[in-house]
Amino acid sequence: MENELKVPTMVELSAAGQQPDVLFWVGCAGSFDDRAKKITKAFVKILNKAKVSFAVLGTEESCTGDPAKRAGNEFLFQMQAVTNIEVLNAYEVKKIVTACPHCFNTIKNEYPGLGGNYEVVHHTQFLKHLLESGRIAVEGGQFKGKRITFHDPCYLGRANNVYEAPRDLIRKLDAELVEMKSCKSRGLCCGAGGAQMFKEPEKGNKDINIERTEQAIEVTPDIIAAGCPFCNTMMTDGVKGKDKEASIAVMDIAELIAQAEDL
Amino acid sequence: MDYIPNILFAILLVTGIAFFTKNVKKLIRNIKLGKSVDTSDHTSQRWKNMIAIALGQSKMVVRPIAGFLHIIVYVGFIIINIEVLEIILDGLLGTHRLFAFLGGFYSFLIGSFEILALLVIVAVFLFWVRRNIIKLKRFLNPEMAGWPKKDGNLILYIEFVLMVLFLTMNAADYQLQQMDVAHYTKAGAFPVSQFIAPLFQDMSVSSIIILERAAWWLHIVGILLFLNYLYYSKHLHILLAFPNTYFGKVRPKGQFDNLDSVTKEVKLMMDPSADPFAAPDENAPLPEKFGASDVMDLKWTQLLNAYTCTECGRCTSECPANITGKKLSPRKIMMDTRDRLEEVGKNMDANKGVFVPDGKQLLGDYITNEELWACTTCNACVEACPISIDPLSIIMDMRQYLVMEQSAAPSDLNNMMGNIENNGAPWPFNQMDRNNWSKES
């Protein structure tokens, strides 16, 4: 089963004269980070199961430029953006789905001004659509009675007002959705945004991911659900830091759905 | 001789308004030191924002207790101003309770003002308790030490005194009406001050008249002084909240501006027909400075933000960096921007309207690199602000200056950016391995 991932690339499809319905933008974390790769694969399994016509850019994909822009390097951001837009436009891409809220935000909001206009959706929105249109069916048996709390990624929630798609999916799992003290528009950051992922934090009395993990632990979840590879890393580290990895799992929404489908 | 009070009143009124106008002009001049920005888009959305957020106080009630108390003071402020109109006309014309001809409606108005005045006194007292007895954390951050703390309390004292004067004036008036004193025609309803009036019943008519006049004069003079206090205080928000919510961000919070000056350079670099060895055009204007190191590099809307900030600290109390003990406080970013802008304005006042470089700037002298690098760009501060201030945009502009003008990024970030430049990912992985995950089991 595991070896049967079907991941067509744009260059292959284009050579065969085909155009997929949607481009899956994998992102750097989804491509290279061991933990995030699992999310990528879980999402692809669902796409395969639902027979979604999709493709990836593969080696033609490059960083969207988000961390460079948030670090203040507008030059590098725009170089990346313009290069990516050239590739996307050459393949006449119309719709993009991504499992990374940072890629989602950048392509959706900051690429149009530089000539890149696409319909961009986050994978939780895409999965919700697949579910509602009956292309996948989720049986919640596995998660019945489990307490799941959703950690809002800043660049999905506050930045783009997407709060309900991930929560709707959790409810479909028959799980008990529990909310942390700070949630939705007042959700607390995991500490990774604004290029913080790639540097040591400034001097303080606590790490942000620990603060957020403590908020999560307060609601005694079985699972902390995430919708961002960076949040996932931060929360996983936080749970380990609190010695709770035996009782609390940190999972992406795509992984929850894939697991519910026994994929 | 009969006209002396009228003339005195007119002089006070004109002086008070003239001095205020002078400061408003200074305010506008200072805000215009910022860079221009196109705000002609989304007109209907902007009006809606102003009506909902400033007029409707929609974001204040996110925190119900402070929100509720604030609405009382806000409604009191707006409605009691109708009474100020009457007071001004009475003062100029030498009349007493000019609007009394409205009859029952007048009684309704005065009665409402009295109830609101009492509610304002209660709300102001509770605000004072929150700041001074309960000592809410957000009022005690380091940036609140000194003047900001005094300013916050002073505003509460002034509002308290104004309301007490208003009720004293009415109570004395009511007592005189009961005693059928000429000039004090029976008008209005006094649901609150009728309980204060008995305190005066043993006083002589002339004493009560002096008391009524004193309270009347002190009340209106107090209002004129308060009006002129605004410019020197965080309390400017009562006026600037309206334009600020109109000019606030109307795009998704995650959308940061793309710098046009950079786009030009990038397009040139990507253009295969551009001659890299071409001599630069001698008439070309000096290249624009990237990012912001001082207030003049910011947009005027950001400077308006700074003057609008009322230092409530909701931004700072939601900031993940601040919560975990880092130096960054979004409120301090706004206060520093305002304080530096004021310093620049004073410099211009002293130098015939021209800014003479003073060897200082916003970056370094007010805001440190450490604060700027602690931000996660999570937008919690922007979401928390009840009047659409965007501290994040200032942080980003200053980061751009640090990185593009000074190459002063933390070394970890330089590594990250080097990786993106070399291999298209923030980590040192080979671009050609990007799709390997699809072949792994």
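Nothing in this text is a laboratory measurement; each read-out follows from the coordinates by a stated rule. Because the structure is a prediction, the values reported are computed rather than measured. Using ideal geometry, Cβ is built from the backbone for each residue, glycine included, and neighbour counts are taken over all protein chains shown.
Tabulated values for the structure
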quantity: Over the range A:1-106, volume per residue of the alpha carbon convex hull, in Å³; calculated: 102 Å³
quantity: Compactness of chain B, expressed as Rg and Dmax over alpha-carbon positions, Å; calculated: 28.1, 101
quantity: Shape category assigned to the range B:1-129 from the gyration tensor of Cα positions, a/c cut at 1.5; calculated: oblate
quantity: Shielding of A:201-209 by partner chains, average beta-carbon count, 10 Å; calculated: 6
quantity: Nearest-20 debye value, the protein assembly as shown charge dipole, Cβ charges on Lys, Arg, Asp, Glu; calculated: 1260 debye
quantity: Whole-Hz ³J(HN,Hα) from phi, Karplus 6.51 cos²θ - 1.76 cosθ + 1.60, for the range B:291-301, glycine and proline x; calculated: x, 10, 10, 9, 5, 5, 7, 7, 7, 5, 5
quantity: 0 to 90° range, to nearest 10: angle between helix B:391-400 axis and chain B longest Cα axis; calculated: 30 degrees
quantity: The protein assembly as shown: radius of gyration over Cα atoms, expressed as a fraction of 2.2 N^0.38 Å; calculated: 1.15
quantity: Gyration tensor (alpha-carbon) shape descriptor, chain A, a/c threshold 1.5; calculated: oblate
quantity: Highest average packing first - A:10-16, A:31-37, Cβ atoms within 10 Å; calculated: A:31-37, A:10-16
quantity: Average beta-carbon neighbours from other chains, 10 Å sphere, peptide B:294-304; calculated: 0
quantity: Selected from A:T106, A:T83, A:T213 as most flexible by GNM, with chain A as the system and alpha-carbon contacts under 10 Å; calculated: A:T83
quantity: Furthest towards positive pole of dipole, A:C189, B:I72, B:N436, structure part the protein assembly as shown, Cβ charges; calculated: B:I72
quantity: From phi via Karplus (6.51, -1.76, 1.60), per-residue ³J(HN,Hα) for the range B:186-195 in Hz, x at Gly/Pro; calculated: 5, 7, x, 10, 10, x, 9, 6, 5, 7
quantity: Of the GluC sites (Glu not before Pro) in the range A:179-212, those whose Cβ has at most 13 other Cβ within 10 Å and which sit in DSSP loop; calculated: A:E179
quantity: Peptide B:365-377 - average C-beta neighbours from other chains (10 Å radius); calculated: 4
quantity: Gyration tensor verdict on the range A:138-260 (Cα atoms; rounded if a/c is under 1.5, prolate if a/b is larger than b/c, oblate otherwise); calculated: prolate
quantity: Only Lys, Arg (+1) and Asp, Glu (-1) charged, at Cβ; the range A:138-260 dipole about Cα centre in debye; calculated: 240 debye
quantity: Amide H partners (placed H, <5 Å) of B:K299, local residues excluded; calculated: B:K35
quantity: Helix-derived mean residue ellipticity, 222 nm - over the protein assembly as shown, DSSP H n ≥ 4, -39500 (n - 2.57), to 500; calculated: -16000 deg cm²/dmol
quantity: Normalised contact order of the range A:2-128, rounded percent, pairs of Cα under 8 Å and 6 or more residues apart; calculated: 27 percent
quantity: Of B:V122, B:N81, B:I110, farthest towards positive along the dipole that unit charges on Lys, Arg, Asp, Glu beta carbons give the range B:51-179; calculated: B:V122
quantity: At R0 = 60 Å, FRET efficiency that the Cβ-Cβ distance of B:N81 and A:E200 yields, to 0.05; calculated: 0.65
quantity: Note, ³J(HN,Hα) from phi for the range B:175-184, Karplus 6.51, -1.76, 1.60, rounded to Hz, x at Gly and Pro; calculated: 4, 5, 4, 5, 8, 6, 6, 4, 6, 8
quantity: For chain B, built as a Gaussian network whose Cα springs stay under 10 Å, the top-fluctuating residue of B:C378, B:C309, B:C319; calculated: B:C378
quantity: Cα centre as origin, Lys/Arg/Asp/Glu Cβ charges: the range B:1-113 dipole, Debye; calculated: 740 debye
